[in-house]
Amino acid sequence: MQGTLTRAGFAVPPAVSGVLALLSVLWFAANAPAPWGPGWIGWVFAPLVIVINQAQLARLRRDPGVSPEGRRFWLHLAIAQVVIVLATMVTAWDTLSRAQTVTLAGPANTLFGIAIVTVLWALIRLPARDSIRGTAIVRFGLDAAVVILSVGLFGWFLYFRNYDQLVSAVGAPGPVLGLMLFACAAALAFSKLAIAGARGVDRRTMYFLGVCVVVSSLVGGLLPRFATRPDLNAIGVSVPLTFFLFSLAIERERSLIGRPLTERGPRRPFSLAPYLAVAATDGLLLHTRGSSATVVVVAVSLTAIVVGRQILAFYDNARLLRELDASLEEVRQAQAQLAHQADHDSLTGLANRRFFERRLSASLVAGQPFAVVLIDLDDFKGVNDTLGHHVGDALLIAVGDRMLSSVGDDDMVARLGGDEFALILGPDSAVDPAAVLDRLATALAVPVTVGSHELPVRCSVGWAAHQPDTDAVELLRRADVAMYAAKGAGKGRTAAYDATMDLALR
């Protein structure tokens, strides 16, 4: 509950800033037709909003959840705001004390210039969150070009069309050019941070700050309209409006402190900045009804850039699809490898017990003749004990390979574990299992050479043919009985199951 009250209480500054900004607009509108009321009232709103902003910034910078990059960024903006309030006060004094055309020359211009440089420095020092490489550099360049062209067009439309009047209003050409350069540079910086993201400041917060720059730049276009009104200055409106939006940006950033990026809402895979710039330019084109050649040329240029950007997007999409196909192929290969590992013995590469049992069940369901063979290597333990497990492993691998070469394509060779192997003889081999087992005995009769050792191979083999009345358990039991009968007869022998073997066990 306490956290909720604190959060709700901290939302009061933007509300108060909004009320002050609204009052400044109403006062400006009331005095636009003719002077009404004391002139100093129109200048009190700006410093009040800035005082509120400074309190917000101080609290934000003290929060331990703010990153070092973010703390430095907000400190620079706080310094710029202090300089702006000083410049505003100088302008107010100049406006209220002169019964002539308003002039912003001298100290006010210098202070505004310092504030502009401080804001740009804060933007430049703020590192991008996403690295820009490869075609992303070209995409960013095209997106930034769209924004810069649009900002430049509006700067020309608002400022340079009335350049003489604006210079007359501010008293010198320097501030006009400086304001124009500031708008373009700020647009470039905000484009970079809005498109690539910024470490230490949320992306949507950057959009709020970008709107602040747009508002402060656009209101400058009102200066020529009131060049002969010393009692009325657009700065008295632009500063409260700009810093009301700034208050919202601070509140937005404060609300995200301590929350991981995954909880800040889904991240849009693209930036709206270039599209908003194109939409604004199209709106200006409709406003001028094509009567301005400059607007038409810029609109055509933006269209060409957007087409180029789209072609690059097609290229990137094709590349991503190729990479996706390659990744999917790697996944398929990995899945196939995992499936193979799950069904095969890691040492010999033969089918394992799990795969063998599944094949046995399938053979029973198929209803065709087949036979099961169990094979046990005689005296294998002595090989491991005397020569080492590495020799025993090599022997198992060689025996498995010879078994594979002795059976048909429809037959299965499996290692059930240790020195025990099993065969499933398919319909073709089950016609004459003895012939297959003779080939196997011939293959295993040749000693296996491992290093300097020649190892004779002897196996006890038992097999049982599938009968209609046998299930998997019974069939394996019969083959096992036959194998132990062969082993009991002197090892190195082969035996086929018959019912008399069960009597012998009793």
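I need the calculated FRET efficiency for the pair VAL82 and ALA435, taking r as the beta carbon distance and R₀ as 60 Å, to the nearest 0.05. With a Förster radius of 60 Å, E is 0.05. Model label sites at LEU23 and VAL365, defined 7 Å from Cα along the beta-carbon direction, differ in position by 8.3 nm. Approximating the spin labels as points 7 Å out from Cα along Cα→Cβ, the ARG319-to-ALA58 distance works out to 5.0 nm.
Against the globular-protein guess of 2.2 N^0.38 Å, express the Cα radius of gyration of the range 353-505 as a ratio, rounded to two decimals. Can you show the working numbers first?
Values: Rg = 15.4 Å, N = 153, 2.2 N^0.38 = 14.9 Å.
Cα-based Rg divided by the globular estimate yields 1.03.
Using R0 = 30 Å, the C-beta based FRET efficiency linking ALA472 and LEU503 works out to 0.80. Dimensions of the range 444-485 from C-alpha coordinates, computed as largest minus smallest value along each principal axis and given longest first, are 50, 16, 14 Å.
Just the Kirkwood number for the range 11-50, please: inverse of mean 1/r across all distinct Cα pairs, in Å, one decimal.
Hydrodynamic radius (Kirkwood, Cα pairs) of the range 11-50 is 10.6 Å.
Could you calculate the contour length gain from ASP393 to LYS381, that is, 0.36 nm times the residue separation minus the distance between their Cα atoms, to one decimal place in nm? Provide the component values of the computation, followed by the final result.
Details: separation 12, 0.36 × 12 = 4.32 nm, distance 1.14 nm.
Length gained between ASP393 and LYS381: 3.2 nm.
Paramagnetic label reach from GLU357 (point 7 Å along Cα→Cβ; backbone nitrogen cut-off under 11 Å): within the range 456-499, residues 473.
Here, each number is a calculation from the coordinates, and none is a lab measurement. As the structure is a prediction and not an experimental result, all values here were calculated from the model. As a convention, Cβ positions derive from the backbone with ideal geometry for all residues, glycine included, and neighbour counts pool all protein chains shown.
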